[in-house]
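In what follows, a single structure is set out as structure tokens and then discussed.
The values are calculated or read from the model by the stated rules, or taken from the named source; none is laboratory data. As the structure is a prediction and not an experimental result, all values here were calculated from the model. Virtual Cβ from ideal backbone geometry, glycine too; neighbours counted across all protein chains shown. Please note that ligands, DNA and RNA were not included when accessible areas were found on the heavy atoms of the full protein model with its side chains. Shrake-Rupley method; radii C 1.70, N 1.55, O 1.52, S 1.80 Å.
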Amino acid sequence: MADRDLIELTPEQKKRRRARSIAIALFLAGLVLLFYLVTIVKLGGNVANRPL
Amino acid sequence: MALVDDRSMTMGRAEWTGGSASVGDYFELLKPRVMSLVIFTALTGMVLAPGGVHPLLGFVAILGIAVGAGASGALNMWYDADIDRLMSRTARRPVPDGRITASEALQFGMVLSVLSVMVLGVAVNWAAASMLAFTIFFYVVVYTMGLKRRTPQNIVIGGAAGAFPPMIGWTAVTGTLSWESAILFLIIFMWTPPHFWALALVKSEDYARAGVPMMPVVQGAASTRRQIVLYAALLAPIGVLPTVLGFAGLTYGVVAAVLGAVFLAFSVQVARVTEGPEARKAAMRLFFFSIGYLFALFAVLLVEHLVVGALAGV
């Protein structure tokens with residue numbers, strides 16, 4: 001496709017895309033942390049219940 | 001470093017208008033004010049439910065229900081962008097305003113719907129997750145796609161979607177449904193028609209322009225006013241049921257009875273004053289009072305239960 005048909009983002013669009021990317025990254029990191037903590041809570045005392 | 005090159009999109013400039021939304025625009029898609037009421041009523045359902053839940057799992061349950069409600073809001077804005085554009089109250093929403101494209105709203109809503117249900121199911125229980133999935137389906141498919149543009153009973157039946165959160169909260173703790181949570185459902189269900197019709201009386205021209213068959217548009221203001229009084233008369237005693245049936249105390253019962261009577265009095269006022277700016281004022285007063293009414297009922301339920309629980313523990 002010819003170069004002129006491609007989209008060039010304006011500085012404002014780039015700034016907003018970066019903000020969206022950061023928001024998604026934080027959301028995913030939060031989800032990972034949440035799943036980790038939920039796992040620990042659900043395991044509870046059983047976390048120590050394993051063959052040594 | 002950007003993972004996607006700035007010029008890697010191969011669609012023509014004129015065809016693509018997306019990608020310019022801010023994080024705040026996406027947040028707006030979640031209907032945060034509706035979400036706050038959902039969080040509050042779901043929390044009340046959780047606190048009132050017998051037994052307990054680990055605080056973290058309780059937090060996850062509220063988060064899941066809130067995100068699920070937000071996702072329904074985003075899907076609603078995706079589907080309704082054409083009529084939102086025509087109404088003054090909704091024209092500045094992100095999709096009709098052009099800040100977010102319809103397909104972006106659809107993707108956002110779908111991803112959050114699936115995520116919220118999965119997280120609630122995995123972390124809390126699948127009964128609550130199934131109810132959340134049903135609520136999203138009910139709000140988006142049954143209400144938004146099915147009823148809203150077809151019948152003046154749209155918000156009567158569709159109101160069920162907004163009434164489910166306390167039941168989901170309750171189920172998140174107990175893993176099952178109960179008649180107590182059904183009473184909480186019934187309070188919100190009966191509250192919804194007079195709440196929305198009070199607004200619809202004032203905004204009926206908006207709804208008419210958009211072709212949404214709200215009660216005042218289809219059956220006229222007089223019939224709507226009568227029905228507001230009827231629902232308010234039914235709501236007042238239903239509001240007191242938690243005390244009558246023994247799962248709320250006397251404080252709640254008194255507050256619910258007094259506020260129910262005021263709700264009915266404001267509704268009668270709406271029915272009596274039918275002309276001029278006074279009529280508009282009466283309708284808006286009922287609309288704002290109805291929001292306070294629901295918040296107050298659930299706040300008293302919540303606080304009373306916590307105080308009684310704390311005193312019993314002393």
Say whether the condition of being hydroxyl-bearing (S, T, Y), assigned by TED's automatic domain parsing to the domain that holds B:M87, in contact with a Phe, Trp or Tyr (Cβ under 9 Å, 6 or more places away or on another chain) and open to solvent by 30 Å² or more (accessible area, probe 1.4 Å) is met by at least one residue in region B:102-112.
yes
Under 9 Å by Cβ, and 6 or more places apart or on different chains, what pairs join a residue from region A:17-29 that is within 8 Å of another protein chain (Cβ to nearest Cβ) with one that is of a type in the set (S, T, Y) and open to solvent by less than 60 Å² (accessible area, probe 1.4 Å)?
A:R17/B:S20; A:A19/B:S22; A:R20/B:S22; A:R20/B:Y26; A:A23/B:Y26
Region B:154-168 residues that are in the same structural domain as B:L63 (by TED's automatic domain parsing), paired with ones that are in a helix (DSSP H, G or I) and charged (D, E, K, R) (beta carbon under 6 Å, 6 or more apart)
none
Being of a type in the set (V, I, T), assigned by TED's automatic domain parsing to the domain that holds B:W78 and part of a helix (DSSP H, G or I) is true for just one of B:T192, B:T151, B:T224, B:T144. Which residue is that?
B:T144
